[in-house]
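Right, one structure below, let's go through it.
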Amino acid sequence: MKHNIIPDKWKWTGIVTIGGILIGAGLADCLFAMNQLDLNQIARGLTIFSAGLTILVIMDNSKTQKNTEKIQQEAQLRLEKVEEQLNTIYQSQQMTEEQVREIKELLKKTNS
């Protein structure tokens with residue numbers, strides 16, 4: 001059994017916060033570099049900004065994937081229930097057809 005010391009909500013919030021800080025720091029670095037026209041500092045700022053943006057995109061994709069998996073599992077359960085119901089209907093139909101055949105045979109015997 002896995003014990004989580006830090007709840008998932010706090011993990012997600014922490015990672016998103018780090019991504020946001022990186023985006024802000026990268027943007028600030030670029031803005032300061034624009035005043036000095038320092039291409040190295042602009043490149044560093046863009047790299048930091050890109051890292052933060054990547055973190056946020058990955059987090060969003062991860063959440064979307066979890067939601068999609070949940071929806072797929074729910075749909076699978078519903079499909080299994082429908083399959084069970086269809087099997088029950090099919091079995092009932094087969095029993096009814098068999099009973100109709102038996103009744104027809106009995107009617108034929110009584111008419112003969």
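The values are calculated or read from the model by the stated rules, or taken from the named source; none is laboratory data. The shown structure was predicted, so the numbers you read here are calculated from the model rather than taken from an experiment. Cβ coordinates were reconstructed from backbone atoms using ideal geometry, including for glycine residues, and neighbour counts include every protein chain displayed.
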Suppose the filter is over 27 Å from the mean Cα position of the chain (by Cα), modelled with pLDDT under 90, among the basic types (Lys, Arg) and part of a helix (DSSP H, G or I); does Lys63 pass it?
no
Hey, among Thr68, Thr54, Thr110, Thr64, which residue is over 30 Å from Ile21 (Cα atoms) and polar (S, T, N, Q)?
Thr110
Within 31 Å of the chain's Cα centre (by Cα), among the small types (Gly, Ala, Ser), in a helix (DSSP H, G or I) and surrounded by 15 or more Cβ atoms within 10 Å (Cβ to Cβ), is that true of Gly19?
yes
Within region 60-111, which residues are of a type in the set (Val, Ile, Thr) and more than 30 Å from Gly14 (Cβ to Cβ)?
Val82, Thr88, Ile89, Thr96, Val100, Ile103, Thr110
With respect to Ala43, is the statement that it is farther than 30 Å from Asp8 by Cβ and of a type in the set (Gly, Ala, Ser) true?
yes
